[in-house]
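Worksheet for the structure shown next.
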Amino acid sequence: MDISLDAVRGSGHGDGGVEHGELLVRLVEAMAGTGEHVLSDVRDEVESAMGREALVDAVGVSALFHLMNRVANGTGTPLDRAMAGLAPSVTDQFGANEYLSSQDTPR
C-alpha cells in the first residue's frame, strides 16, 4: 500500500493513498470548523459514498483523537521518554507544529 502524507499536511491535493481520503479530510476539517451547513453537507457525502457505519467510524476516530490530545494538553501531560524521542520527526513529517493546537502542547 502506498500512503502519502500530503492530505494530512494540508496540501489539499489527492487522497493520501487512502480510499475516500480526500473526502475524509474534508470531513475532519468540517468537524473542526464553524460552518454547520458545511459539516452537514460533508456528512451526507461521506454517508452516500461510504455508508452510515463508515461515517460513524470516521467521526468517532477523529473525535477520539482530538479528545485524547485535548485532555493531554489541558492537563499538561508531557510525552513519555520514548515518544519524546520520536516527536520531532513525527511533528515534522506531519507538519504538526503548524496545527493551531500545537501552541498548547507541552514540549
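For the stretch 21-104, what Kirkwood radius comes out of the mean inverse Cα-Cα distance, in Å?
14.5
Among 60, 42, 73, whose Cα projects farthest towards the positive end of the dipole of the stretch 21-104, with charges put on the beta-carbon of Lys, Arg (+1) and Asp, Glu (-1)?
73
Computed from the coordinates by the stated procedures, all read-outs in this text should not be read as laboratory data. What you are looking at is a predicted structure, and each value in this text was computed from that prediction instead of being measured. Ideal geometry is used to build each Cβ from the backbone, glycine not excepted, and the neighbour counts take in all protein chains shown.
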